[in-house]
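The values are calculated or read from the model by the stated rules, or taken from the named source; none is laboratory data. Since we're looking at a predicted model, the values are computed, not measured. Neighbour counts are summed over all protein chains in view; Cβ atoms, including those assigned to glycine, are modelled from backbone coordinates with ideal geometry.
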Amino acid sequence: MELDAFLQEITQKDGVSGYEQNVAAFISEAFSPYIDDARTDNLGNLIYYKKGKEPDGTKVLFCAHMDEIGLIITGIEKNGFLRFTSLGGFDVRTLPGQEVTIYGQEPIEGIIGYKPPYMEKGKEKNNSMEMENLFIDTGLSQEQVKKTIKVGSVAAIKRNMLTLLNNCRSGKALDDRAGVAVLWQCARELSRMEHEAHLYFVATVQEEVGTRGAVVSTYGISPDLGIAVDVCHGDFPGAMEHEVSPLGKGPVITTGPNIHPFLAEALSDTAKEYNLPYQRDVSPGPTGTDARAIQVSLGGIPTALVSIPLRYMHTSVELLTLEDIKVAGRLLAYFAAGLNNTFVEGLSCL
Amino acid sequence: MLITALSQIPGVSGDEARVRNFIKEKLSLWGIKHHTDSLGNLYALKEGSKNREEPGLMLCAHMDEVGLMVSAIEKSGHLRFYKVGGIYEKYLVSKPVCIGANSVLGVIGAKAVHLQKKEEREKPLDAEKLYIDIGAKNKEDAEKVVKVGDYVSFWSEASSSAKIIKGKALDNRAGCAALLEILQRDYPISFTAVFTVQEEIGIRGARVAAYRVNPRIALVIETTSAVDIPEAREQDYATSLGAGPAFTIQDESVIAHPRILERLIEVAESQKKPYQFRRYGGNFTDAGAIAPAGSGVAAGVISTPCRYIHTPVSILFKEDWENLVEIVDAFIRSVHEKGLEI
Amino acid sequence: MNELIKKLCESFGPAGREDKVRSLIIGELEKFNAEYSIDTLGNLIVARRNQGEGAKKILVAAHMDEIGLMITFIDERGFLRFIGIGGVLKNILPGMKVLFENGTTGVIGQEKIKEPKEFDLDRLFIDIGAENREEALKKVNIGDTAVLLSPFSREGNRITAKSLDNRIGCAVVLEAMKRLSSLPLPNEIYFVFTVQEEVGLRGARPVSYRLKPHYGLAVDVTRVGDTPEPEFKTDVSLGKGPAVKIKDSSVICHPRITGLMIEVAETNNIPYQLEVLERGGTDAGAIHLTREGIPSGGLSIPCRYIHTPVEMVDLNDVENSVLLLVELLKHSW
């Protein structure tokens, strides 16, 4: 399977925060040829282990979250329409007219509905709608709906991945299936390389509701260093230059209090050594990624963050270029292959 | 399936060629004579088996859908756009579209929610703040595949299940499909079926068609808004799904001719088909251009109720559409059997 | 059981100062000879051990604390300024009566407000009837915490009181413990009356870390949507049974536990509802992220007007909550 096909498939596997089973099964299958051991922890995090040559070798954690933002049903109205709230952060304005799949006893399709413009009165016209003004329309009657859907059923955004110019792909859940794709690319590259360090590739759960999967999976592994792979804001019209990173110029390496400075340097050095394009960005506080949880786990873990530039984050038309994912996968593989215990010990000497 | 196939074809007002070609192909296949005019209206002349005389009956359905048009290409390669027809702006963001004759794919993007301040998030994202991203590196790159003036339509997959049909542009591909369904059958009398253009931007095709055909009686086959949703009070539903095709009594452009309305009710009841009235007075239809044509035409409108018209995905009940076809069929036959005095 | 609920609701126990409630609960525990321990933060733990093969360790948590107001300043004329402990609703405070630990009572007054947006806790004060600061200091001091003062009452099947959040949860757990006391159980159960839930689930976290249970279950109240224009639309209502928590802002409950709860409810014909709480958290939020993660769930008692002096629950829901908890703990996990 190639990256394009992997990304197509993985974004189509619905895996909303807390309900990641479908996508978990696909990920396990895709990783299995490249790793030595696999386990699933109590919250559903997938932990893949690849043994290093050095018995006393460093333990390295790479993680990317497999959950996507989604919706959860809070009520069933008398005509079979469904009320909902979100799992993770949505821009409500992107929801009207969006198709969804609701996972009752069986998957059912629906559309998120809103009123037509002529029905908006007064201030409503000039304001965006609120989630409580939206509902899901399945076309079914209340009786038919209640047979399979309950309060608590989850719904995922329905969107096929689109192929655009310049190797760009647009679709839903690229935050953070793109990160999982980077880990997969990395594992594939490493299957052809030797490495001293012991590697843990983790597909975390529930990042979108508070980096919860990373809290417990990091505790369970107790790594010597951890690298989170997520997405960052890609450039778009009207953006302030410092807030975004252009597509196609390589993965972004973050610096700031959440990141161990030596790790960020080592990643940049690796990129330079192998002539891989890369970018830098900064975060003045804890990042909105699994890196925030990793750094303060147990006795503290040296942490880094590598991100793929992504436009329109948290919409159903998130957009990136495959090139950036390929480069990121290679970067992490070369970095992992070059790790030794001396470097890791030096991380405690700040 | 005719409706789902028609739904997926791009055909924004002014760019109806691809829809017209699909319909022309069917007409040729069925041996029905047809021609077009300079605006793009498609006229099908259905010959009656018994009575070749023209009773002056015209049926029509508009082929066009609401959409967008590329207004400018930014340095970054992003496309700005105008609205074509009454597209619902609040439904635009985060949707895929296809552009121009080659259906280049793009997405309507918006600033990520994380980068927005609270006041920004509370304002709607209207057409001016949005743009289309086709993945181009810059303006030059974009200009290789799109240009200012290209038409843009939603890119939605149409689907059907036992009960519902879902897709874009059901207003008015459902109407076109119904008219095609009628044209496949045999009738004792002749009539003209017109697939009109540019209804959504001012019922312009119909005006011209009425002049050319000069009918005595006209029945417009449309798709109308059903607002039987939780956010509406029952009195504001306009029409409801599952309650049968809707007869217009009055809309913003026309008061349905009482004889036409009576005959529709009569045939519906004798066929024991469900029907409802369109309980809303706004919006215009082709009937508004036909009724005042020449010395005046007795015009009426029959519509399939449909939720979320003018948005990327609308939904209707199959049974309402099927009942519409049967009522129109019965209407035509009754004009033959009993005539229709105006 | 109503007597117990009344005593619990009327007792004093804001987050951080739970001693009085804890003593009251200990008094109940001693009635059926339950052995208990108290940890560093004040969590009250009752262990029902079971070394049997296949026995799982289950932590059942019900928080003892309630919201309160803490004095930060006493002015010259004896008026007290305060901050909120936990999620205090500023809109219900003006005109309320409050109670301090030593029995002192006071009322909440309000400064003139020119514009609704200005209104906040710092425009309110407590009046304990003191003439000046000196007199006030004889009764209270900076750092003292008050709770809302409101009598317990019953109308038909509904009881109204302050701090049903979460004294009703404590009552349900105590009653379940009583009914289970003479029965053999397949699992090892730690009944924990936790502290400081209202200020951030702070009691539950260390006690889970120490006990290392296999599963966690929080017994608490949840919001309902059956009043006019409720703040959050939800199908949960009074009188339709205990709610099986699917999710709240602090936790997405583990499907094994929600599945088990539904199965047990249906097998025993106990009415139940499904809860998706848009805003609100419970001890399960802290328990499930401890160490390597602990699958957790919630058994919720539907409650109207949470965090006001007139919280309201339905007695049938309370009895059914006890039944569900009892059957659940009799089951193997």
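Points to keep in mind about this one:
- Residue pairs meeting the criteria (Cβ under 7 Å; at least 6 apart or on separate chains; first over 14 Å from residue C:177 (Cβ atoms), in the range C:302-329; second part of a helix (DSSP H, G or I) and not aliphatic (A, V, I, L, M)): C:302/C:317; C:303/C:165; C:306/C:165; C:307/C:165; C:311/C:165
- Candidates in the range A:220-251 are the residues that are in a loop (DSSP other than H, G, I, E, B) and without any contact (Cβ under 8 Å) to a residue 24 or more places away in the chain; of these, the one that is farthest from residue B:74 (Cα to Cα) is A:240.
- Checking each residue in the range C:278-287 for being more than 7 Å from chain A (Cβ to nearest Cβ) and assigned to a loop (DSSP other than H, G, I, E, B) picks out C:279, C:280, C:281, C:282.
- The range A:164-187 - residue that is among the small types (Gly, Ala, Ser) and outside any helix (DSSP H, G or I) and, of those, surrounded by the fewest Cβ atoms within 10 Å (Cβ to Cβ): A:171
- In this structure, residue C:144 qualifies as farther than 29 Å from residue C:292 by Cα, in contact (Cβ under 8 Å) with a residue 12 or more places away in the chain and of a type in the set (Asp, Glu).
- The sole residue among A:161, A:240, A:193 that is within 18 Å of the chain's Cα centre (by Cα) and surrounded by fewer than 24 Cβ atoms within 10 Å (Cβ to Cβ) is A:161.
- Looking across the range B:195-212, the residues that are assigned to a loop (DSSP other than H, G, I, E, B) and in contact with a Gly (Cβ under 8 Å, 6 or more places away or on another chain) come down to B:197, B:198, B:199, B:200, B:201, B:203.
- Within the range A:132-147, the residues that satisfy the criterion of being under 27 Å from residue A:21 (Cα atoms) and within 14 Å of chain C (Cβ to nearest Cβ) are A:135, A:136, A:145, A:146.
- The set of residues from the range A:248-301 being out of contact with any Pro (no Cβ under 8 Å at 6 or more places or on another chain), surrounded by fewer than 19 Cβ atoms within 10 Å (Cβ to Cβ), of a type in the set (A, V, I, L, M, F, W, C) and more than 30 Å from residue A:17 (Cα to Cα) comprises just one member, A:276.
- Filter pass, residue B:294 being surrounded by fewer than 24 Cβ atoms within 10 Å (Cβ to Cβ), more than 14 Å from chain A (Cβ to nearest Cβ), over 16 Å from the mean Cα position of the chain (by Cα) and closer than 21 Å to residue B:57 by Cα: yes
- Residue that is nearest to residue A:234 (Cα to Cα), among those in the range B:105-131 that are in contact (Cβ under 8 Å) with a residue 24 or more places away in the chain and more than 8 Å from chain A (Cβ to nearest Cβ): B:130
- Residue B:134 at the interface with another protein chain (Cβ under 7 Å from one of its Cβ atoms) and either farther than 25 Å from residue B:172 by Cβ or touching a residue at least 12 places away in the same chain (Cβ under 8 Å) (or both): yes
- Considering the range C:81-121, and only residues there that are part of a loop (DSSP other than H, G, I, E, B) and among the β-branched types (Val, Ile, Thr), the residue that is farthest from residue C:310 (Cα to Cα) turns out to be C:113.
- Residue check for residue B:47: free of Cβ contacts under 8 Å to residues at least 40 places away in the same chain and over 23 Å from residue B:301 (Cβ atoms): no
- The set of residues from the range C:122-148 being among the polar types (S, T, N, Q), assigned to a loop (DSSP other than H, G, I, E, B) and within 21 Å of residue C:18 (Cβ to Cβ) comprises just one member, C:141.
- Subset of the range B:127-156 (residues that are in a loop (DSSP other than H, G, I, E, B) and within 17 Å of the chain's Cα centre (by Cα)): B:155, B:156
- Residues satisfying the stated conditions in the range A:314-344, i.e. in contact with a strand residue (DSSP E or B) (Cβ under 6 Å, 6 or more places away or on another chain) and not in a helix (DSSP H, G or I): A:316, A:317, A:318, A:319, A:320, A:321
- Residue pairs meeting the criteria (Cβ under 7 Å; at least 6 apart or on separate chains; first over 20 Å from residue C:18 (Cβ atoms), in the range C:97-113; second among the small types (Gly, Ala, Ser) and surrounded by fewer than 15 Cβ atoms within 10 Å (Cβ to Cβ)): C:108/C:95
- Residues considered: A:297, A:307. Of these, the only one that is within 14 Å of another protein chain (Cβ to nearest Cβ) and part of a loop (DSSP other than H, G, I, E, B) is A:297.
- Test: residue B:108 is touching a strand residue (DSSP E or B) at 6+ places or on another chain (Cβ under 7 Å), part of a loop (DSSP other than H, G, I, E, B) and either within 25 Å of residue A:174 (Cβ to Cβ) or modelled with pLDDT under 95 (or both): no
- Options B:267, B:227, B:197, B:208: the member that is in contact with a strand residue (DSSP E or B) (Cβ under 8 Å, 6 or more places away or on another chain) and either more than 30 Å from residue A:135 (Cα to Cα) or away from chain A (no Cβ under 13 Å) (or both): B:197
- Residue check for residue C:275: under 25 Å from residue A:209 (Cβ atoms) and either surrounded by 24 or more Cβ atoms within 10 Å (Cβ to Cβ) or touching a residue at least 24 places away in the same chain (Cβ under 8 Å) (or both): yes
- Where residue B:58 falls short, out of the listed (1) outside any loop (DSSP other than H, G, I, E, B); (2) loosely packed, with under 13 Cβ neighbours inside 10 Å: (2)
- Residue match in the range C:300-322 (condition: within 14 Å of chain A (Cβ to nearest Cβ) and either part of a helix (DSSP H, G or I) or closer than 30 Å to residue C:149 by Cα (or both)): yes
- Test result for residue B:76, modelled with pLDDT of 90 or more, closer than 23 Å to residue B:316 by Cβ and either over 27 Å from the mean Cα position of the chain (by Cα) or surrounded by 22 or more Cβ atoms within 10 Å (Cβ to Cβ) (or both): no
- Test: residue in the range A:224-246 that is within 11 Å of chain C (Cβ to nearest Cβ), among the hydrophobic types (A, V, I, L, M, F, W, C) and more than 23 Å from residue A:6 (Cα to Cα): no
- Matching option when the condition is away from chain A (no Cβ under 14 Å), part of a helix (DSSP H, G or I) and within 21 Å of the chain's Cα centre (by Cα), among C:260, C:325: C:325
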